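Engineer: This is the structure I want to talk about, given as C-alpha cells.
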Amino acid sequence: MVDFNLTESQTALRNNARAFAQTVLSGGPKLYSELSSQNARFQATLPIYRTAVQAGLIKGQVPVPLGGTSESLVDAAIVVEEFFAVEPSIALTILGTGLGLTPLILAGNEDLWGRFLKKFLVQEGEAIAAFVHSEPGGTANWLEKGAPGLQTTAYEEGGEWVLNGEKLWTTNSSGWDNRGADIQCVVCRKGRPNEPQDPSIDPAANIMILIVTREDIARNDASAYQVLSDPELPGFTCANGPHSKFTNLRVPATNLLCAPGTGVQTVEQTFGSSAALVGAMCVGVMRASFESALQFCKTDTRGGTVPIIQHQSVADKLMDIKMRVEAGRLLTWKALSGIEKGPGGWDNRLETALEAKIWCSEQVTKCVVDAMSAVGMRSYDKSMGFSRMLDDAVCLPLFDGGNVGVRRRQLERILQADGYEPWAGTY
C-alpha cells in the first residue's frame, strides 16, 4: 500500500531540520557575504559546520548499521529539502560530507569502516569528507573506449599507492585549511603518470578508488597535494569545489577502497543516490520561491485595490509552481525509496533516480522565474532573495553529472537496452 504520510520519527526529523535551517543556517550569509573570495567564504562557515556536527547532522548521514542515525534515503530527502529551502550554499557543504562518505559506506568492510568512519560518528569536531571524481578536462566520457579516460592515476610501489593527477568540482576536498578533507574518496585509473590509457581495453577494467586522509597528506612533502585555485561561483557562493593536484602522493596500500576493475559500480551507485537527492535540493529551492512569492502576492496590491493574487495571471503562475513542487517531491521520494527497496533491478532503480534529477533540476529555474514574474520588478531587488535563488538554481542541472553530458545519456542507455521493461521500477 502506498502511504505518503510521514511517520512520527520522520515528522520529528523534519521539524528538527526546519528548526536548524531557520535558526542556524539562515545566519550563514552574515558570516560570508561580504568576503571577497570563494575560499574565504567557505572557511567562514566553519562555525556553522561545527554546530551541524554537534546537532548530529553528519552522523545522521551514516546508516544505523554502521553506527550512524540514518534510517532511509527518504529521511535524507526530508532534511535536504528543509535545508535548501533556507540556505543551499552551506547545506551543500554539510551534505557534501555525506556524498564523500557514500563510496566508503557502499564498498567498505569492517576494517575500513572501523578506521575511517569513526570521526564522523561523534558529535564534536569538524570532520569533512569529499567524493573526488571530476577532472579539469571533463569526465562525461570517462568510460568511452579509445578515449583518454581519467587522467588521475595510481600505481603500487613498496606497499603504497602513488597518486598523480588533477581534480576539479570536488565538493569539500580541500578541507578547511587547504590541506585536504579528513577523507577523500579519490576515483582514479591504475597506471603511471602521463601513461596513456590502452585504447584496446575497457576503461572500467582499471578504475579504482583510493581513500586519502589528511594524515596521508601530512606525511608527504608539501608539494604532493596542492590546491591550485577555487573557482568563483555566481551561486553556492560559499561552497568548496577546488582545482587540486596530486603529485606522487603516497598512501598506504591498505587505503584501497575499490581495487582496479571494481570502482565503476561504486561510482555509479554513489551518483545514483545523489541524483535523486539533487531532486530534493531542487524541491527546496522551488518551495522557497513559491512561499516567498505567495506571501508577497497575498499582501501587496502593487498600487491597486486588491492583493495581486486575486488577478488570474498571477494566481496561475503560483499554481504552476506549486504543482511542480508537489510533483518533484513525490518523484524524488519514489526514486529514493526505489533505490533501497525496489522493485526492479539496479537499472530500473537508477532510471527513476535519473528522472528525478533531470526533471526537478529542469523545473527549478522555471519556478524561480515564474515566481519573479508574479511579483514583478520588485523581485529583481537583491533584498527579496529571488536573484540568489536563481543563481543557485542555474547550477542544479549542471552539477552531479550534467543533464546533457551525463544524466540523459545514462537514461538513454537504459531505454535502449534489450529487454527494457518500462514499468519494472514501478510495479
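The values are calculated or read from the model by the stated rules, or taken from the named source; none is laboratory data. Computed from a predicted model, the values in this text were never measured in an experiment. Please note: Cβ atoms are built from the backbone with ideal geometry, for glycine as well, and neighbour counts cover all protein chains shown. What goes into the accessible areas is simple: the full protein's heavy atoms, side chains included, and nothing from ligands, DNA or RNA. Shrake-Rupley method; radii C 1.70, N 1.55, O 1.52, S 1.80 Å.
Engineer: Hey, which of the helices (runs of 4 or more DSSP H) in the stretch 325-427, taking only ones fully inside, have at least 2 residues that are hydroxyl-bearing (Ser, Thr, Tyr)?
Structural biologist: Output list reads 346-375.
Engineer: Quick one: is PHE116 surrounded by 23 or more Cβ atoms within 10 Å (Cβ to Cβ) and either closer than 18 Å to ASP182 by Cα or not acidic (Asp, Glu) (or both)?
Structural biologist: no
Engineer: What pairs can you find where one residue is in the stretch 275-300 and within 24 Å of ILE94 (Cα to Cα) and touching a residue at least 12 places away in the same chain (Cβ under 8 Å), the other is open to solvent by less than 20 Å² (accessible area, probe 1.4 Å) and of a type in the set (Phe, Trp, Tyr), and their Cβ atoms are less than 6 Å apart, with a gap of 6+ or different chains?
Structural biologist: MET281/PHE84; GLY284/PHE84; VAL285/PHE84
Engineer: Continuing with this model, one more query. Using the structure shown, decide if GLY96 is open to solvent by 10 Å² or more (accessible area, probe 1.4 Å) and at pLDDT 95 or above.
Structural biologist: In short, no.
Engineer: With a cut-off of at least 3 residues that are surrounded by fewer than 19 Cβ atoms within 10 Å (Cβ to Cβ), name the strands (runs of 3 or more DSSP E) lying wholly within the stretch 172-246.
Structural biologist: Per the criteria, 225-229.
Engineer: If ASP381 satisfies all but one of (1) acidic (Asp, Glu); (2) open to solvent by less than 30 Å² (accessible area, probe 1.4 Å); (3) free of Cβ contacts under 8 Å to residues at least 24 places away in the same chain, what's the number of the condition it fails?
Structural biologist: Just one mismatch for ASP381, condition (2).
Engineer: What's the number of the condition LEU106 fails, among (1) open to solvent by 40 Å² or more (accessible area, probe 1.4 Å); (2) in contact with a strand residue (DSSP E or B) (Cβ under 9 Å, 6 or more places away or on another chain); (3) touching a residue at least 60 places away in the same chain (Cβ under 8 Å)?
Structural biologist: Among (1) open to solvent by 40 Å² or more (accessible area, probe 1.4 Å); (2) in contact with a strand residue (DSSP E or B) (Cβ under 9 Å, 6 or more places away or on another chain); (3) touching a residue at least 60 places away in the same chain (Cβ under 8 Å), the lone unmet condition for LEU106 is (2).
Engineer: Go over the candidates GLY158, GLY68, GLY100, GLY96 one by one and state the one that is outside the structural domain of VAL24 (by the TED database) and either in contact with an Asp or Glu (Cβ under 6 Å, 6 or more places away or on another chain) or not β-branched (Val, Ile, Thr) (or both).
Structural biologist: The conditions single out GLY158.
Engineer: Also, quick follow-up: Return the only residue of LYS357, LYS322, LYS341 being crowded, with 20+ Cβ neighbours inside 10 Å and either in contact with a helix residue (DSSP H, G or I) (Cβ under 7 Å, 6 or more places away or on another chain) or charged (D, E, K, R) (or both).
Structural biologist: Of LYS357, LYS322, LYS341, the one residue that is crowded, with 20+ Cβ neighbours inside 10 Å and either in contact with a helix residue (DSSP H, G or I) (Cβ under 7 Å, 6 or more places away or on another chain) or charged (D, E, K, R) (or both) is LYS357.
Engineer: Any residue at all in the stretch 179-195 that's free of Cβ contacts under 8 Å to residues at least 24 places away in the same chain, under 26 Å from THR254 (Cβ atoms) and not assigned by the TED database to the domain that holds ILE90?
Structural biologist: The answer is no, given that none of the residues of the stretch 179-195 is free of Cβ contacts under 8 Å to residues at least 24 places away in the same chain, under 26 Å from THR254 (Cβ atoms) and not assigned by the TED database to the domain that holds ILE90.
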